[in-house]
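These notes concern the structure reproduced below.
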Amino acid sequence: MQKNSVTSYKNVVFDLDGTICDTRKGICDCIKYTFKTNGIKEPKDSEILKYIGSPISTIFGNLLITNNISLILKYVRFFRKKYNQEGLLKTFLFPNVMELLDHLKKSEIKVFLVTNKPKVFTLKILKMFGINQFFDGIYGSSISQIQPNKSRILNKLINDKHLAANETVMVGDRKDDIIAAKNNKIDSVGVTYGYGTISELNSCNADYYCRDVLSVKNILIKKFD
């Protein structure tokens, strides 16, 4: 499902997990390590994948089936230590992401990143692949935030950079990305190569849908070189 005409966007905001990078291996391994270390049966990867993209506190709350903040934060601390040491090294770029970012920059389109992931981890991942220089602004959560809100993070970016809503689009793979875009009155591109399903993206009415990174390029750039 797509709009009849494509706006010439001047600002593109990307999600990280499931959109720019495939982080599932590192996240799943570190979550299972955390459960095992605490003497609890490890969840299956398929269970974990349902929640990747949400704040890590939300993920543990869902997997542990608890609202006990003290317990959740205990697991978050175990996870983050392991993730910082090993997990983020298991991250991969999705195919053609580097080419897309390079093309956007050469087309003089501003490129930003908004994620629930702590900014300290986000910067390490971007620098690991040498793509941090493509972004005109990188917005994530702080380690101290228990429940970051993507709509608020996106709103801060828009206000800080004085972005015009009709010239800005959000690209992401989960409903939180699409909802954040709608809450901030900007267009959205839902990608189905990440962790969200097409039914999840349909439920919040993304403006465009893309099955791969090259399809994203088609939406964002009117003319190819």
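The values are calculated or read from the model by the stated rules, or taken from the named source; none is laboratory data. Just so it is clear, the structure is predicted and the values come from calculations on it, not from any experiment. Cβ: placed from backbone, ideal geometry, glycine included. Neighbour counts: every protein chain shown.
Quick rundown of the values:
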{"quantity": "Any hit, segment 191-209, residues being of a type in the set (S, T, N, Q), touching a helix residue (DSSP H, G or I) at 6+ places or on another chain (Cβ under 9 Å), assigned to a loop (DSSP other than H, G, I, E, B) and at negative phi", "calculated": "yes"}
{"quantity": "Set T23, T37: member being within 14 Å of the chain's Cα centre (by Cα) and either surrounded by fewer than 21 Cβ atoms within 10 Å (Cβ to Cβ) or at pLDDT 95 or above (or both)", "calculated": "T23"}
{"quantity": "Subset of segment 40-54 that is out of contact with any Asp or Glu (no Cβ under 9 Å at 6 or more places or on another chain) and among the hydrophobic types (A, V, I, L, M, F, W, C) - its residue that is surrounded by the most Cβ atoms within 10 Å (Cβ to Cβ)", "calculated": "I48"}
{"quantity": "The one condition in (1) without any contact (Cβ under 8 Å) to a residue 12 or more places away in the chain; (2) farther than 30 Å from I219 by Cβ that P43 fails to fulfil", "calculated": "(1)"}
{"quantity": "Residues within segment 55-97 that are within 28 Å of V191 (Cβ to Cβ), buried (at least 16 other Cβ atoms within 10 Å of the Cβ) and among the aliphatic types (A, V, I, L, M), tallied", "calculated": "7"}
{"quantity": "Scan of segment 159-213 for residues that are within 13 Å of the chain's Cα centre (by Cα) and charged (D, E, K, R), ordered by number", "calculated": "D173, R174, K175, D176, D177"}
{"quantity": "Considering residues of segment 113-140 that are in contact with a strand residue (DSSP E or B) (Cβ under 9 Å, 6 or more places away or on another chain) and assigned to a loop (DSSP other than H, G, I, E, B) only, the residue farthest from C30 (Cα to Cα)", "calculated": "D136"}
{"quantity": "Residues that are without any contact (Cβ under 8 Å) to a residue 40 or more places away in the chain, outside any helix (DSSP H, G or I) and small (G, A, S), drawn from segment 141-190", "calculated": "S142, S144, S188, G190"}
{"quantity": "Qualifying residue in segment 139-155 (condition: more than 17 Å from T58 (Cβ to Cβ), modelled with pLDDT of 95 or more and β-branched (V, I, T))", "calculated": "no"}
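Residue-by-condition table, conditions (1) surrounded by 23 or more Cβ atoms within 10 Å (Cβ to Cβ); (2) over 23 Å from D102 (Cβ atoms); (3) aliphatic (A, V, I, L, M); (4) assigned by TED's automatic domain parsing to the domain that holds L157:
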{"position": "T168", "(1), (2), (3), (4)": "yes, no, no, yes"}
{"position": "D173", "(1), (2), (3), (4)": "yes, no, no, yes"}
{"position": "D176", "(1), (2), (3), (4)": "no, yes, no, yes"}
{"position": "A181", "(1), (2), (3), (4)": "yes, yes, yes, yes"}
{"position": "N202", "(1), (2), (3), (4)": "no, yes, no, yes"}
{"position": "N205", "(1), (2), (3), (4)": "no, yes, no, yes"}
